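None of the figures in this text is laboratory data; all of them are computed from the coordinates on show. Note that the structure is a prediction, hence the values are computed from the model and not measured. Backbone-built Cβ (ideal geometry, glycine too); neighbour counts: all protein chains shown.
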Amino acid sequence: MAKALDVREVQVERGKRRVLQQISFAVEYGELVALIGPNGAGKTTLLETIAGFHSFAGEILLQEKPLRLLSPRQRAPLIAYVPQISRLDAPMAAIDVVRQGRFCFRNGFGGLSPSDEAAVQRALVATDTARFADRPYTELSYGERRRVVLARALATEARLIVLDEPSSSLDIGQSLALFDTLRTLASQGHAVVLVLHHLGEALRFTDRALLLHQGRRVALGRTAEVVCDNVIGPVYGVKLLADGHGFHALPRAIS
Amino acid sequence: MALAAGVVVGHGSLADPGLRDTLLRLRAARVAAAFLTGAALACSGAVVQALFRNPLVDPSILGSTAGASLGGQAVLLALHFLPGWLPHLVPELAVPLGCLGGALVALFIVLAVTEHRQSMLIVLLTGFTLSSLFLSTGGFLLSLGQESWEVGRALVSFSLGGLGGIEVQQLLLAFPLIVAGILAARFWSGPLDLLLTGEDEARSLGLDVKEARRWCVVWVGFMTAAAVSLGGNIGFVGLIIPHAMRPFVGVLNRHVVVVVAIAGGTFVVLCDLLSRALPSRSEIPIGVITGLIGAPVFLLLLYRSGRELHRG
């Protein structure tokens with residue numbers, strides 16, 4: 001079966017600084033993969049490069065198609081990007097925001113086809129946003145807005161979804177609901193790649209993790225094998241203490 | 001109703017059978033020019049506001065209005081001081097073509113400067129700098145034109161805006177540009193809506209941002225050039241009409257561009273009506289009327305939106 005995402009020897013430079021070096025990993029359909037690492041490790045840059053925002057050396061394949069050969073319109077049905085914070089601040093109805101996900105299927109003056117509308121409705125249901133679909137986006141709570149932007153990504157029907165810190169600023173209930181939705185999507189055959197800051201969330205909700213440090217790949221494997229003291233500790237400069245309920249971190253110097 | 005009033009109201013009585021046909025023809029051309037000018041400026045305003053994700057910009061931000069104005073002024077001056085310079089061109093068409101040329105020069109510079117620098121800030125700064133340069137050059141041309149009273153008056157009248165003495169040829173030149181521009185704006189309304197969400201997100205949803213921006217800039221340039229060629233420099237229409245209409249039609253550009261075109265056209269027809277109907281020794285320049293109405297209305301809208309933002 002084709003891989004959802006295949007990243008091969010990718011390098012990204014900003015000015016004269018190399019921010020990603022020789023990054024390789026692949027993602028299969030049906031799995032959740034976390035990109036983890038300290039601040040400045042290159043997680044968001046890697047996610048944005050996969051989404052097509054930055055030029056890069058190496059190769060990125062989306063469903064075995066080279067990313068750099070795809071136009072934005074060809075790329076959109078293959079990969080859905082969910083930003084940490086959407087820059088949308090216009091008071092358009094939430095359903096119209098979700099309908100933007102069908103842009104790549106539309107032409108000229110034409111409106112949405114019945115199949116487009118059906119995809120929009122499925123996205124609303126999957127994210128539990130149908131009940132406030134007619135409310136202006138700018139009048140929604142922060143958590144509701146995040147779900148609407150996720151619904152817009154789902155409306156593209158892309159089977160690879162990449163999310164930048166999806167749980168940041170969400171309360172515990174909203175976070176659990178979000179990860180529940182992402183797990184459901186994975187079980188339906190989507191591939192999900194997400195940048196996560198909280199290692200506990202990575203450990204609890206994702207299948208595999210890619211640990212980055214200073215733009216380099218440090219470890220890739222099952223999340224439980226990556227988020228452990230001998231791998232995480234040196235990178236973050238902490239000592240992980242596991243107990244029956246999870247783990248705690250202490251500064252390495254104290255431990 | 002505004003269109004009908006525009007045809008009926010004015011100096012000269014329609015009761016005179018000898019004058020009726022001429023007056024009706026002249027006024028109909030003037031009303032059509034006012035409507036097209038307003039439609040073009042308002043629609044351009046809606047497009048640039050979406051393009052720059054900023055409701056406080058108007059078509060002049062790209063420098064195309066000042067460029068068109070400078071082109072028109074340059075041709076007016078050339079027609080007087082260098083009469084053999086444009087031997088094969090009907091004078092009524094020379095000014096509109098000058099406007100078009102000026103607007104296209106401005107747009108060419110904006111696109112050239114921003115080709116490899118995608119930042120909207122660079123576009124805004126380039127447009128602002130060009131506007132300043134063109135306005136200064138226009139001031140210089142105005143000083144040159146003072147040597148002849150007629151030319152000086154024509155230049156001042158052009159820079160203040162006015163729809164008097166519109167010829168059918170001018171309308172025929174501007175009409176297809178403006179209609180095509182409005183249709184293009186309607187066609188590009190989906191991409192404009194996507195740009196409300198920022199360039200990266202728009203790109204991720206399938207929009208070729210560079211192409212969309214380039215085409216929108218070109219169409220805005222054509223529309224503003226056509227509007228300036230008809231009515232001279234008429235301010236505030238592109239700024240306040242989209243602002244005033246959005247509370248009624250929402251923010252989706254497929255509705256906005258069409259409604260603001262109609263509202264902008266109607267607004268300029270009414271302003272032109274006022275410029276003719278208000279008691280004065282001579283006709284009040286329409287740019288003065290739109291400024292007197294537009295500035296306080298814009299301040300009111302700004303105050304209200306600021307208050308809502310503060311509450312929110």
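Sequentially through region B:73-79, phi angles give Karplus couplings (6.51, -1.76, 1.60; θ = phi - 60°) of 5, 4, 5, 4, 5, 5, 4 Hz, Gly and Pro residues having no value and appearing as x.
Compared with the direct C-alpha span, the chain from residue A:107 to residue A:64 gains 12.9 nm at full extension, assuming 0.36 nm per residue. Spread over its residues, the convex hull of the C-alpha atoms of region A:2-61 is 79 Å³ per residue. Protection proxy ranking, highest mean first, for peptides B:29-37, B:224-232: B:224-232, B:29-37, where packing is the per-residue count of other beta-carbon atoms within 10 Å, averaged. Placing unit charges on the Cβ atoms of the charged side chains and taking the dipole of region B:211-293 about its Cα centre, the candidate lying farthest along the positive direction among B:235, B:256, B:288 is B:256.
Could you tell me what % of all Cα pairs in region A:95-157 have separations over 18 Å? Here the tail beyond 18 Å accounts for 28 percent of pairs. Dimensions of region A:1-134 based on its C-alpha atoms, expressed as ranges along the principal axes with the largest first, amount to 45, 32, 31 Å.
Taking a straight line from the alpha carbon of residue A:239, these lysines sit under 27 Å away, with near neighbours fewer than eight places off in the same chain left out: A:43. Given B:145, B:128, A:205, which one lies farthest toward the positive end of the charge dipole of the protein assembly as shown, if we put +1 on the Cβ of every Lys and Arg and -1 on the Cβ of every Asp and Glu? Sorting the options by dipole projection puts first A:205. Could you give the distance between the Cα centres of region A:175-238 and region B:264-280, to the whole Å? Rounded to whole Å, the Cα centres lie 66 Å apart. Suppose the Debye formula is applied to equal point scatterers at every Cα of region A:69-174; what is log10 I(q)/I(0) at q = 0.12, 0.13 Å⁻¹? Normalising to I(0) and taking log10 leaves -0.38, -0.45. Distance between the 7 Å Cα→Cβ label points at residue B:78 and residue A:225: 7.5 nm. Beta bridges per DSSP, both residues in the protein assembly as shown: antiparallel share near 60 percent.
Per 5 Å bin from zero, what fraction in whole % of the C-alpha pairs of region A:112-245 is there, up to the bin with the longest pair? Reading upward from the zero bin: 2, 9, 17, 20, 17, 13, 9, 7, 5, 2, 1, 0.
Normalised by 2.2 N^0.38 Å, where N counts its residues, the alpha-carbon radius of gyration of chain A equals 1.03.
Using all pairs of distinct alpha-carbon atoms, the Kirkwood hydrodynamic radius of the protein assembly as shown works out to 26.6 angstrom. Against the empirical curve 2.2 N^0.38 Å, the C-alpha radius of gyration of region B:131-279 lands at a ratio of 1.24. What's the angle, to the nearest 10 degrees (0 to 90), between helix A:172-187's Cα axis and the longest principal axis of chain A? Result, in degrees: 80. Rounded to the nearest 20, the size of the Cβ-charge dipole of chain A about its Cα centre is 680 debye, with Lys and Arg at +1 and Asp and Glu at -1. Enter the angle in degrees (range 0 to 90, nearest 10) between the Cα long axis of helix A:114-126 and the first principal axis of the Cα atoms of chain A, meaning the one along which they spread out most. Value to nearest ten degrees: 40.
Across the alpha-carbon set of region B:206-297, the Rg to Rh ratio works out to 1.05, Rh being the Kirkwood radius.
Across region B:47-85, the residues whose backbone nitrogen lies under 17 Å from the label position 7 Å along the beta-carbon direction of residue B:187 are B:47. Cα centroids of region A:64-142 and region B:182-261: 21 Å apart.
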